[in-house]
Amino acid sequence: MILIGHRFIDSEELYHIDAIQAISKTPPKSTVYIFFNEENLDIIKHCAKNGIRFALHVNSVTELIYAENLEAAYITVDAQYAKNAQQIANEYLFDAKILALITDEGQIEELAYQGIDGALFTHAIIKITS
């Protein structure tokens with residue numbers, strides 16, 4: 001199980017961007033974090049085309065499928081939807097890892113029992129403005 005942002009574990013941070021220009025303000029080789037929506041497709045496609053590792057936050061099964069097809073490294077979902085997202089990812093052999101957004105380490109055990117790929121603590125997402 002992947003843990004990003006846990007106080008015991010050294011891990012990467014994700015950089016939330018809302019414009020292509022903001023990528024230049026992130027550290028080299030970092031993972032950018034994008035909310036999936038049609039307005040962000042230019043950013044998503046730019047990342048995929050240029051080999052920039054990115055995570056997409058999705059809110060529906062359709063968006064989950066889009067995220068995999070757009071080559072996201074991570075697909076983040078609210079914790080209550082993680083089990084369903086993981087089942088779909090397993091069924092279709094997604095390359096992307098499913099990460100549940102959490103705020104409390106007490107949530108890790110339940111996610112582990114559900115077989116979720118990983119947990120992302122919300123404080124490990126750093127907002128970058130363009």
Inset, instruction - Would you mind finding the one in ALA85, ALA119, ALA72, ALA100 that is in contact (Cβ under 8 Å) with a residue 12 or more places away in the chain and assigned to a helix (DSSP H, G or I)? - result: ALA85
Inset, instruction - Determine which single condition ILE52 fails, assuming it passes every other condition in (1) surrounded by 13 or more Cβ atoms within 10 Å (Cβ to Cβ); (2) over 24 Å from SER130 (Cα atoms); (3) over 12 Å from the mean Cα position of the chain (by Cα); (4) not acidic (Asp, Glu). - result: (2)
Legend entry - Only listed residue being hydrophobic (A, V, I, L, M, F, W, C), under 21 Å from ALA124 (Cβ atoms) and within 10 Å of the chain's Cα centre (by Cα), chosen from ILE17, ILE34, ILE43: ILE34
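From ALA85, ALA73, grab the single residue that is modelled with pLDDT of 95 or more and under 28 Å from THR26 (Cα atoms).
Testing whether each residue is modelled with pLDDT of 95 or more and under 28 Å from THR26 (Cα atoms) leaves just ALA73.
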Inset, instruction - Starting from residues that are closer than 19 Å to CYS47 by Cα, touching a strand residue (DSSP E or B) at 6+ places or on another chain (Cβ under 6 Å) and not β-branched (Val, Ile, Thr), keep the ones in region 74-98 and report whichever is surrounded by the most Cβ atoms within 10 Å (Cβ to Cβ). - result: TYR74
Inset, instruction - Please identify the pairs in which a residue from region 42-69 that is part of a helix (DSSP H, G or I) has its Cβ atom under 8 Å from the Cβ atom of a residue that is of a type in the set (Lys, Arg), counting only partners at least 6 apart or on another chain. - result: CYS47/ARG53
Inset, instruction - For LEU111, work out the one condition from (1) assigned to a helix (DSSP H, G or I); (2) in contact with a Leu (Cβ under 7 Å, 6 or more places away or on another chain); (3) crowded, with 20+ Cβ neighbours inside 10 Å; (4) of a type in the set (A, V, I, L, M, F, W, C) it doesn't fulfil. - result: (2)
Inset, instruction - Output the number of the condition that ASP95 fails; it satisfies all remaining conditions of (1) under 19 Å from GLY115 (Cβ atoms); (2) in a loop (DSSP other than H, G, I, E, B); (3) in contact with a Leu (Cβ under 8 Å, 6 or more places away or on another chain). - result: (3)
Legend entry - Count of residues meeting criterion [among the small types (Gly, Ala, Ser) and more than 17 Å from the chain's Cα centre (by Cα)] in region 92-108: 1
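The values are calculated or read from the model by the stated rules, or taken from the named source; none is laboratory data. Since this is a predicted model, take the numbers as computed values, not measurements. Here the Cβ is made from the backbone with ideal geometry for all residues, glycine too, and neighbour counts use every protein chain on show.
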